1. Of ILE140, VAL33, LEU102, which is farthest towards the positive pole of the chain's charge dipole, taken about the Cα centre with +1 and -1 on the beta-carbons of Lys, Arg and Asp, Glu respectively?
2. Report the dimensions of the stretch 28-113 along its three principal axes from the alpha-carbon atoms, largest first, rounded to Å.
3. Kirkwood Rh and Cα-based Rg: tell me the resulting Rg over Rh for the stretch 55-95, rounded to two decimals.
4. In the stretch 64-168, which trypsin sites (Lys or Arg not before Pro) fall in coil by DSSP and have 12 or fewer other Cβ atoms within 10 Å?
5. For the pair ARG68 and ASP121, what calculated FRET efficiency results from E = 1/(1 + (r/R0)^6), where r is the Cβ-Cβ distance and R0 = 22 Å, to the nearest 0.05?
6. Treating the beta-carbon of each Lys and Arg as +1 and of each Asp and Glu as -1, no other charges, what is the dipole magnitude of the stretch 79-140 about its Cα centre, to the nearest 20 debye?
7. Provide, in order from the shortest bin, the percent of all Cα-Cα pairs of the chain in each 5 Å bin, continuing until the bin that contains the maximum pair distance.
8. Order the peptides 140-147, 94-101 from the highest to the lowest mean number of other Cβ atoms within 10 Å of their residues.
Amino acid sequence: MPAAHALFLPAAADIPPSVDMDTVLADLADDGVSAPAGDVSALETVVARARENGIELKVVVLDENPGRDSQLRDIATDVGVEDGGTVLVLSPNWVGTYSDSLARVTIEDAQDHAYTGDVVDSASGFLDAVVRPDPPYGLITVGLVAVVAGAAGVTWALRSRRQARDGS
């Protein structure tokens with residue numbers, strides 16, 4: 001029976017062997033960016049813009065794709081658990097995210113804007129999607145209810161007039 005319980009234990013984080021988490025965390029400590037030197041300055045600008053919007057963003061860029069895309073989320077989770085904030089991990093073809101302050105649905109939606117092939121555009125697109133205001137769902141709901149109620153009222157009035165005319 002103990003073996004059956006083992007099936008329900010969470011899997012351990014699967015960090016690619018080519019990624020040294022201590023190096024990544026040390027690199028993130030000074031500017032929130034762990035990336036190839038040519039991308040650091042532009043990514044620091046994205047991180048600063050995130051900070052202006054109240055988001056503690058950290059960006060990790062890998063030179064190559066790991067064995068599985070889920071490993072990017074594992075890296076992001078390890079960084080987030082260690083340092084907190086919102087973490088975006090980019091590889092040439094995949095994206096992984098973690099956040100201790102934003103809803104999972106928000107960062108997964110923003111992740112869709114991070115598949116550009118250019119790490120700076122990807123990070124900027126991710127941030128833009130995170131900070132853009134949500135549609136005013138309350139007003140949209142009130143508007144739809146008003147339209148449906150108005151249509152029902154007009155239908156009722158027309159039907160009442162027709163019944164009154166046919167009944168007379």
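The values are calculated or read from the model by the stated rules, or taken from the named source; none is laboratory data. As the structure is a prediction and not an experimental result, all values here were calculated from the model. Cβ sites come from the backbone with ideal geometry, for glycine too, and all protein chains shown count toward neighbours. Just so you know, the surface numbers come from the protein's heavy atoms only, side chains and all, with ligands and any DNA or RNA stripped out. Shrake-Rupley method; radii C 1.70, N 1.55, O 1.52, S 1.80 Å.
1. Working it through, the farthest residue towards the positive pole turns out to be ILE140.
2. The Cα atoms of the stretch 28-113 stretch 34, 31, 25 Å along the principal axes, largest first.
3. Rounded to two decimals, Rg/Rh equals 0.96.
4. ARG68
5. Efficiency for this residue pair is about 0.35.
6. 100 debye
7. Per 5 Å bin, starting at zero, the Cα-Cα P(r) for the chain comes out as 1, 8, 14, 17, 14, 8, 5, 5, 5, 4, 4, 3, 3, 3, 2, 1, 1, 0 percent.
8. Final packing ranking: 94-101, 140-147.
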